[in-house]
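Peer 1: First the structure, then my questions, so here it is.
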Amino acid sequence: MPQSSQPTTGRQWMLLILVVLVAVNLRPFLTAPGPVLSEIVADTGMGYGSLALLTLLPMMLMGVGAFVSPSLQALIGTRRGILIALLVLTTGSLLRLVAPGGIALVMTAALCGAGVAFIQAAFPGIIKAEFPRSIPVVTGLYSAVLMGGGALGARLTPFLVSAGYGWRPALAWLAAPALVALSAAWLILSDARSDRPDKALTGRLLRRPRTWTLILAFGLVNAGYSSAVAWLASYYQSLGWSSGDSGNLVALMAICQAAAALGLPVLARRSIDRRAFLRLTLAMQAIGFAGLAFLPQAAPAIWVGLCGAGLGSSFSLAIVTALDHLPRPHEAGVLVALMQGGGFLIASLGPFATAFLHDISGSFAPGWTLHLACVVGVFFLYMRFNPSRYAQAMQSPI
C-alpha cells in the first residue's frame, strides 16, 4: 500500500467507506445473542457453560487467526484474504437460520470468529499504509464503527424477536450487512495491490518482550469486553429486567464504546505519548466495573456507559499505540495482528471465568470484580509505553 502524504484522494475516500462497511460487521455476531439468551436456552437447553462458548470460541479463533493471518497474507494476499474472510462471516451468520441446536449455534459463532480474525489483523496495516498522517483519526473511526456494530447487534435481535421473528432468523439477518461489505470490498479492493508480509517477521516480533506486553494488556482489557458482551444482559435479567431493557443496556455500552473509540484517539493525535489517555480509559473501566459489582441498581446507565467508553477507547488507543512502535506499515500491521491474536486468546477466557464464578457464587458480581482487578494490573503495563523507548523496545530480543 502506498504511503501517500497528499490530501485525501478519491481512492482514499472509497477506502474510508469500505472501512465503515467492514467494521460495522465485526461485533454484531458477538452482541446479538446476549439479549435473547433466554429464548435460546428455552429452545436448545444450553447451560451457562455452553452459552459462554458463543463468545469464548470465536474469541479464541480470533486470537489464533490473528497469529495465522500474516502468513495467510503472505500466501494469498490481503485483498483475496479479506474477500474470503467476509464470505466466511456472511456464511456463519446465514447458517444461524438453520442451526438445529446448541452445538450448531456454537459452530456458526466459530465461523464468524474465524472470518473476523483475518479482517481485524489486516485492517490496521492498511490504515497505516493508506493514511500515514491520519492514523489516530482513521483508527478511531474504524474502532468506533466496530463498536457501533455491537450496538446494532444488541438492538436488532430483541427488536426482531418482539416483531414476531424467532431467534434464529433474528440472528441470521446479520448476514445482510456482511453481504454488503463483501460486495463493496470486491469493487473497492479489486485494483489494490496485495501486500505480502515477510513470513519470518512474525517470529522476530515474538522474540521481543514488548510484543508480549502489548498482548497481555490488550487481552486483559478485552476480557472485560467479552464478559460484558456475554453476560451483561443476563446479569440485569437476573435482577428483574426484561430482555428488551437489558438489550438496551448492551446497546448503550456499545454506543459509548463507539463514541469514545473515535473521540479519544482524536484528542490524543497531537502527541505520540498516549499514556495519559490510556490511564483515562482505565479509570472509566474501573468505575464502571465497580458500579456493576457493588451498586448495580443505583445507576446502571452510568456504570454501563463508563465501561463502554473505557473499553472502546482502550481498544482503539491500543491499536494506535502498537502502530506507533514501528515505522513501516507492514511491520506495524503484523505487530497489531500479534497483539490482537494473543490478546483475544486471553480475552476469550473472560466469559468462561465469569460463568465459573457465577456457578460458584450464584451471581455475576464476582466476575465484574475480577475485571476490576485486571484493570488495575493493566495500569502498570500501560506505564511502560514511553514512545522515546519504542525503537529500543522493538530491537531487543529475548
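Peer 1: Note down the accessible area of Arg279, probe 1.4 Å, to the nearest 10 Å².
Peer 2: So the heavy atoms of Arg279 present about 90 Å² to solvent.
Peer 1: Report, largest value first, the span of the C-alpha coordinates of segment 1-148 along each principal axis, in whole Å.
Peer 2: Extents along the principal axes, in whole Å: 57, 31, 22.
Peer 1: Can you compute the helix-only [θ] at 222 nm over the chain? Use -39500 (n - 2.57) per DSSP H run of at least 4 residues, normalise by all residues, nearest 500 deg cm²/dmol.
Peer 2: Counting only the DSSP helices, I get -26000 deg cm²/dmol.
Peer 1: Name the residue farthest towards the positive end of the dipole of the chain from the options Ile287, Pro158, Ala268, assuming +1 on Cβ of Lys and Arg, -1 on Cβ of Asp and Glu, about the Cα centre.
Peer 2: The listed residue farthest towards the positive side: Ala268.
Peer 1: Right, another one. Above 34 Å lies some portion of the pair distances; for the chain, what is it as a whole percent of all C-alpha pairs?
Peer 2: The calculated P(r) of the chain puts 22 percent of pairs beyond 34 Å.
Peer 1: Right, something else. Let me check the size of segment 340-395 from its C-alpha atoms; what are the radius of gyration and Dmax in Å?
Peer 2: Looking at segment 340-395, its Cα Rg and Dmax stand at 15.7, 48 Å.
Peer 1: Measure off 7 Å from each Cα along the Cα-to-Cβ vector at Thr213 and Thr91, then give the distance between these two points in nanometres to one decimal.
Peer 2: 4.1
Peer 1: Stretched out fully, how many nm does the piece from Val376 to Ile360 gain, at 0.36 nm a residue minus the Cα gap?
Peer 2: That works out to 3.4 nm of additional length.
Peer 1: Right, next: Considering only protein heavy atoms, what is the solvent-accessible area of Met107 at a probe of 1.4 Å, reported in Å² to the nearest 10?
Peer 2: 100
Peer 1: Another question, then. Please give the length that would be gained between Arg80 and Leu206 if that part of the chain were fully extended, namely 0.36 nm times their separation in residues minus their C-alpha to C-alpha distance (nm, one decimal).
Peer 2: 42.8 nm
Peer 1: Moving on. Provide the FRET efficiency to the nearest 0.05 for the Ala299-Arg270 pair, computing r from the beta carbons and using R0 = 35 Å.
Peer 2: Calculated value: 0.60.
Peer 1: Continuing with this model, one more query. Note down, for segment 263-392, the three equivalent ellipsoid semi-axes (square root of 5 times each alpha carbon gyration tensor eigenvalue), biggest first, whole angstrom.
Peer 2: Taking √(5λ) for each Cα gyration eigenvalue gives 30, 17, 11 Å.
Peer 1: On full extension of the chain, what length is gained from Ala391 through Arg328, given 0.36 nm per residue of separation minus the C-alpha to C-alpha distance?
Peer 2: Details: separation 63, 0.36 × 63 = 22.68 nm, distance 1.22 nm.
Net length gain for the segment: 21.5 nm.
Peer 1: While we're on this one: Please list the helices of the chain that count as membrane-span-like by this rule: a mean Kyte-Doolittle hydropathy of at least 1.0 together with Cα atoms stretching 27 Å or more along the helix axis, each helix being a complete DSSP H run.
Peer 2: Sorted by number, the helices that extend far enough and score high enough are 48-76, 102-130, 135-162, 243-267, 275-294, 300-324.
Peer 1: Using just the alpha carbons, could you tell me how many Å³ per residue the convex hull of segment 173-305 encloses?
Peer 2: 178
The values are calculated or read from the model by the stated rules, or taken from the named source; none is laboratory data. Given the structure is predicted, the values throughout are model-derived calculations rather than measurements. Backbone-built Cβ (ideal geometry, glycine too); neighbour counts: all protein chains shown. Quick note on the areas: whole protein, heavy atoms, side chains included, nothing else; ligands and nucleic acids left out. Shrake-Rupley method; radii C 1.70, N 1.55, O 1.52, S 1.80 Å.
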